[in-house]
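Below is one structure, written out as structure tokens; comments come after it.
The values are calculated or read from the model by the stated rules, or taken from the named source; none is laboratory data. Not measured: the values here are computed from a predicted model. In this analysis, Cβ positions are derived from the backbone assuming ideal geometry, glycine residues included, and neighbour counts consider all displayed protein chains.
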Amino acid sequence: MIRILGALLLAAVSLRPAVATPDPADTHEQTLGNGLKVIVREDHRAPVVVTQVWYKVGSSYEPGGLTGASHVLEHMMFKGTERLAPNEFSRIIAENGGEENAFTGTDYTAYFQTLAADRLEVSFRLEADRMRNLRLDGAEFAKEIEVVKEERRLRTDDNPKALLYEQFNAVAYLAHPYRNPVIGWEDDLDTLTVDDLKTWYARWYQPANATVVVVGDVEPQKVFALARRHFGGLSGDPVPPPKRQMEPPQRGQRRLELKAPAEVPYLLMGYHVPSATADAEAWEPYALEVLAGVLDGGNSARLARELQRGQEVAASVGAGYRAFQRAPGLFLLEGTPARGHTVEELEKALLEQIGTLAREPVSAEELERVKAQVVAADVFQRDSVFYQAMRIGLLETIGGGWRVGEDYVRRIRAVTAEQVQQVVLRYLGEDKLTVGVLRPQPGALPPRRPAVIPGGRHDIGG
């Protein structure tokens, strides 16, 4: 199952609620004189605090030849500042009983710490230091770039499905930088230099290009005072937004095949669709969310019911859509054919499901069941202080504003069967479709590498 509100939200850590989930009225924001935005949400159910610093830069900001720069710089952010030695940041957080990490996606780079609430200032002091005082050392870069290359080999080159996703995106997008992998193309990593990172850091790691999100057992005014103390004195220049680059309309189906050593074939299909922050009618992304739930909302959803248990043409099958990103994206279908069936049979069965939705509106009973599932999942995720911070940071960074998230449930509940049918008819047509197929080849399977990459602590988001 690949249907999620946003791939990066998988990392959320749940806390058992002692009271009802926090009210949006408990969210407060201030913008400092240097342009840094600080957002605070009170959640007093446990004596912990999550701090996240989000920068408006990710792989979709990278020009040709510099792919992977945002992710490599994320690694280097732990390798020392003018006052801290390499890896000392992580050591200090651990000594204070906290956890920390970072992640890079197409539209953002973010850093986070989870600490006892009375240790918030430790996080602010460290994050403010590396926001403007990072020391990019050539020797440390030489070591870390090899860690990233090994990460690429483990996660992409030796993983046939991931390799298909990478090549699929490069075919589905002709112009938009969503075609580039977050981790970077192999040759770009080979030629990336520490001077490239110094330029990238100087351009994007500015107070006016960042949002600090704090969620937990805190008092907002005290948090703002700490923010002014540690971040307020940082200098920086205004950061002009990246030049808008849109994908040209697709005018016919695209197909690719990947031949690689693998155990089973795999099918990936994607349609160009709008996102909640880019060129869509207000209701469309929410209808697409509900559509994903109709197809892939658990064992009672259509794909599992019809293709796995019914026709038994699929060993696994799923649908996915990400409503919240900076530019229009893809509505995905994926699956592995059951033994005795082919990828072509699975593709035909998936297209038949789309055709049925185009011809026949979803029943009122099915629509209400799916909407209840989507809403329940959203309410459950809000039980996590980490997830609350992730949602706020993501929506601020992609340009929607955190209040968009507070309206999510109402908009899902307002979706009609006719709107679900309408997005199918409008966006899930053959001319907007890209199909990728993994064809298993004889030969040795990729070697099983260690699950943990030595020296690598940082995640790549979607």
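Summary table
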item: Filtered residues of region 65-92 (kept if of a type in the set (G, A, S) and in contact (Cβ under 8 Å) with a residue 24 or more places away in the chain); result: G65, G68, A69, S70, G80, S90
item: Qualifying positions in region 357-381 - of a type in the set (V, I, T) and either in a loop (DSSP other than H, G, I, E, B) or surrounded by fewer than 19 Cβ atoms within 10 Å (Cβ to Cβ) (or both); result: V362, V375, V379
item: Single residue of region 176-197 satisfying the filter (within 15 Å of E74 (Cβ to Cβ) and more than 19 Å from the chain's Cα centre (by Cα)) that is surrounded by the fewest Cβ atoms within 10 Å (Cβ to Cβ); result: V194
item: Filtered residue count, region 86-110, keeping only those that are among the small types (G, A, S) and more than 21 Å from V148 (Cβ to Cβ); result: 3
item: Single unsatisfied condition, T191 versus (1) farther than 25 Å from D431 by Cα; (2) free of Cβ contacts under 8 Å to residues at least 24 places away in the same chain; result: (2)
item: Any hit, region 440-450, residues being modelled with pLDDT of 95 or more and at negative phi; result: yes
item: Qualifying position, being closer than 28 Å to T114 by Cβ and of a type outside the set (A, V, I, L, M), among N169, N180, N209, N159; result: N209
item: Qualifying positions in region 382-399 - under 14 Å from A323 (Cβ atoms) and crowded, with 20+ Cβ neighbours inside 10 Å; result: R391, L394, L395, I398
item: Test for Y427: is it surrounded by fewer than 23 Cβ atoms within 10 Å (Cβ to Cβ) and outside the structural domain of H176 (by TED's automatic domain parsing); result: yes
item: From the options T67, T51, residue that is modelled with pLDDT of 95 or more, buried (at least 22 other Cβ atoms within 10 Å of the Cβ) and assigned to a loop (DSSP other than H, G, I, E, B); result: T67
item: Selection count where residues are surrounded by 15 or more Cβ atoms within 10 Å (Cβ to Cβ) and either more than 23 Å from Y178 (Cα to Cα) or without any contact (Cβ under 8 Å) to a residue 24 or more places away in the chain (or both), scope region 229-256; result: 5
item: Yes/no for I354 being in a helix (DSSP H, G or I), modelled with pLDDT of 95 or more, touching a helix residue (DSSP H, G or I) at 6+ places or on another chain (Cβ under 9 Å) and closer than 30 Å to I39 by Cα; result: no
item: Conditions (1) touching a residue at least 24 places away in the same chain (Cβ under 8 Å); (2) under 26 Å from H44 (Cα atoms); (3) surrounded by fewer than 22 Cβ atoms within 10 Å (Cβ to Cβ); (4) under 25 Å from the mean Cα position of the chain (by Cα); number of the one not met by L154; result: (2)
